[in-house]
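One structure, pasted below without further comment.
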Amino acid sequence: MVLKTEKNHKTANLKLVKQSNLTLVFNFINANQPVSRASIAHATGLSPTTVSSLVDELILENMVEETGMGKLSGSGRKPVLLEVKAHGGCVAAVEMKEKSIELEVFDLAGESKAFKARDINDYSDIGNIIADEVSDITAGFGRLLGICVGVPGVIDRKTRRVMSTLIPISRDNDFFKVLCNRFPEVKIKLGNESSYCAYIEKTESKKEIHSLVYIDINVGIGAGIILEDRIFTGAFGNAGEFGHVSVDINGKVCKCGNRGCLEIMAGTPAICDAAGVDSISKVDMTDEKTVNELSDICRYIASGINNIINMINPEAVVIGGEITKLGNVFLEKIRCELDHIRLKPDMENFSLEFSDVKGNPVTRGGGRYLLDRIFEDGDFITE
Ligand SMILES: [Zn+2]
């Protein structure tokens with residue numbers, strides 16, 4: 001028995017090594033194409049034999065192709081150049097919203113190929129609706145390799161069901177299982193929408209970064225966390241519930257039962273209240289009095305961000321959501337408050353910005369995340 005377990009363990013480990021090597025080679029080709037086998041080996045540290053066999057497998061899978069000859073360096077034959085076969089397959093990313101779903105298809109090079117939005121009135125059969133729409137929108141783009149669904153809510157790690165106060169979906173709704181049954185050969189991932197937003201912010205960041213926290217400030221407040229290039233959701237899937245971090249233990253009572261949660265102190269309703277308007281687009285940031293009325297809110301947000309910095313110490317914090325409509329004046333006020341309260345080690349390269357990612361960040365981030373991990377097993381996990 002012991003021997004058998006050890007053998008299984010060894011096989012599992014070898015499989016894992018192969019998956020991560022395939023990921024390494026595929027992503028390297030994608031980022032540096034056209035590229036020769038020799039340069040892949042040189043850059044990744046894998047042996048030329050290993051690279052050759054991995055590339056053969058990628059060619060067989062229709063994911064990479066030989067596209068030409070490189071320049072001769074020194075003596076010998078000209079190297080064959082490799083590129084990702086963009087149309088060799090695709091992934092679909094779906095965002096589940098309050099009254100609609102949005103779908104986007106990406107080819108293997110990460111290029112967006114199609115986008116669609118569809119109104120949803122009834123979520124009871126959402127699994128089949130998503131499956132039908134995915135089949136429809138991905139037709140003609142090659143083999144479907146993965147689907148990811150971003151949801152505005154907490155995902156139960158055990159049952160893969162969604163608890164959301166925003167979308168009218170029952171806690172018994174097992175749409176994830178429906179998707180798995182409809183696409184048995186496809187990798188399917190389910191994640192919180194803020195996690196995918198965080199991932200696209202990291203990917204599109206002007207500097208190379210590996211840790212980032214994305215804060216989404218609307219009526220509700222949530223966060224997505226990237227640690228060492230991976231989405232982090234915690235042991236039970238609740239990490240990123242930033243809206244329920246208290247910034248005032250004597251503050252207003254929140255619907256969660258706690259006092260002074262950031263969501264109730266600095267969500268868009270609190271901002272509109274303070275500014276005396278009924279919608280965030282009506283807040284006039286050129287009016288000095290209004291700007292002053294928002295001082296406390298800026299302090300609450302800065303205090304929340306300071307907690308993140310002290311706990312996680314990310315390279316960047318990006319703020320997204322409706323609050324970005326308040327523009328640079330508001331952002332500068334938050335930065336200023338943060339500078340007053342944060343510890344002062346060398347954080348020269350830390351950045352606090354408003355999001356400026358174009359398109360739908362949930363589908364874009366989900367699609368990218370899926371492509372970056374297309375060989376990884378654990379198909380049915382929410383990270
Ligand atoms: Zn709360």
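A short reminder: the numbers here are calculations on the coordinates, not readings from a lab. All values derive from a computational prediction rather than experimental measurement. Cβ: placed from backbone, ideal geometry, glycine included. Neighbour counts: every protein chain shown.
So who's got an amide H within less than 5 Å of the one on THR67, skipping anything under 5 residues away but keeping other chains? H placed 1.01 Å off N, in plane.
LEU81, LEU82, GLU83
Here is a follow-up. Short version: ³J(HN,Hα) in whole Hz for each residue of the stretch 307-321, in order, from phi by Karplus 6.51 cos²θ - 1.76 cosθ + 1.60 (θ = phi - 60°), x for Gly and Pro, what are they?
Karplus-based 3J(HN,Hα) across the stretch 307-321 equals 4, 4, 4, 6, 7, 10, 6, x, 6, 8, 10, 10, 9, x, x Hz.
Pop out the ³J(HN,Hα) list for the stretch 149-156 in order, Karplus 6.51 cos²θ - 1.76 cosθ + 1.60 with θ = phi - 60°, rounded to Hz; leave Gly and Pro as x.
Running phi through 6.51 cos²θ - 1.76 cosθ + 1.60 with θ = phi - 60° gives 10, x, 10, x, x, 8, 9, 6 Hz.
Computed over the Cα atoms of the stretch 180-244, what is the convex hull's projected area averaged over all directions, in nm²?
Its Cα hull, projected and averaged over all orientations, spans 6.1 nm².
Out of the DSSP beta bridges found with both residues in the stretch 208-348, what percent are antiparallel (nearest 5)?
Antiparallel: roughly 70 percent of the beta bridges in the stretch 208-348.
Related question: If you place +1 on the Cβ of every Lys and Arg, -1 on the Cβ of every Asp and Glu, and leave all else neutral, what size is the dipole of the chain about its Cα centre, to the nearest 20 Debye?
Working: 44 positive and 54 negative charges, 248 e Å.
With only Lys, Arg, Asp and Glu charged at Cβ, the dipole is about 1200 debye.
Give the peptides 364-376, 159-171, 311-323 in descending order of average Cβ contacts within 10 Å, highest first. It would help to have the intermediate numbers written out before the result.
Details: 364-376: 24.0, 159-171: 15.8, 311-323: 19.7.
Ranked from most to least packed, the peptides come out as 364-376, 311-323, 159-171.
Please give the charge dipole size of the stretch 208-348, origin at the Cα centre, charges +1 on K and R Cβ atoms and -1 on D and E Cβ atoms. Round to the nearest 20 debye.
400 debye
At what distance in angstrom do the alpha carbon centres of the stretch 310-383 and the stretch 10-55 lie from each other?
30 Å
Further question on the same structure: Just name one of HIS340, GLY224, PHE183: the one whose Cα is farthest towards the positive end of the charge dipole of the chain (beta-carbon charges, Lys/Arg +1, Asp/Glu -1).
Result: PHE183, furthest along the dipole toward the positive end.
Sticking with this structure for a sec: Please rank TYR196, TYR300, fewest neighbouring Cβ atoms within 10 Å first, as an exposure proxy.
In increasing order of surrounding Cβ atoms, one gets TYR300, TYR196.
Farthest toward the dipole's positive end in the stretch 246-383, which of ASN306, LEU352, GLY267, given Cβ charges of +1 (Lys, Arg) and -1 (Asp, Glu) about the Cα centre?
Selected residue: GLY267.
From the phi of every residue in the stretch 356-372, what ³J(HN,Hα) in whole Hz does the Karplus formula 6.51 cos²θ - 1.76 cosθ + 1.60 yield, where θ is phi - 60° and glycine or proline is x?
10, 5, 8, x, 8, x, 6, 6, 5, x, x, x, 5, 4, 5, 5, 5
Per the Kirkwood formula on distinct C-alpha pairs, the Rh of the stretch 319-358 is how many angstrom?
Evaluated over the stretch 319-358, this radius sits at 11.4 Å.
Then there is this: Under a point-charge model restricted to the Cβ atoms of Lys and Arg (+1) and Asp and Glu (-1), what is the dipole moment magnitude of the stretch 106-216 relative to its Cα centre, in debye to the nearest 20? Numbers along the way, then the final one.
Working: 16 positive and 17 negative charges, 87 e Å.
Magnitude of the dipole: close to 420 debye.
Restricting to lysine pairs 8 or more places apart or on different chains, what number in the stretch 2-84 have Cα atoms under 25 Å apart?
Here the count comes out as 5.
Rg and Dmax of the stretch 96-233, using alpha carbons, in Å: what are they?
15.3, 43
Given the pairs LYS116/LYS158; LYS85/LYS113; LYS99/LYS187; LYS97/LYS282; LYS85/LYS358; LYS158/LYS187, which are separated by over 20 angstrom at their Cα positions?
LYS116/LYS158; LYS99/LYS187; LYS97/LYS282; LYS85/LYS358
In addition: Let a ≥ b ≥ c be the square roots of the eigenvalues of the Cα gyration tensor of the chain; is it rounded (a/c under 1.5), or, if not, prolate (a/b larger than b/c) or oblate? All intermediate terms of the calculation are to be shown ahead of the outcome.
Details: a/c = 1.97, a/b = 1.59, b/c = 1.24.
Cα axes put the chain in the prolate bin.
Find the percent of Cα-Cα distances in the stretch 2-84 that exceed 14 Å, and round it to a whole number.
Value for the stretch 2-84 (Cα pairs over 14 Å): 65 percent.
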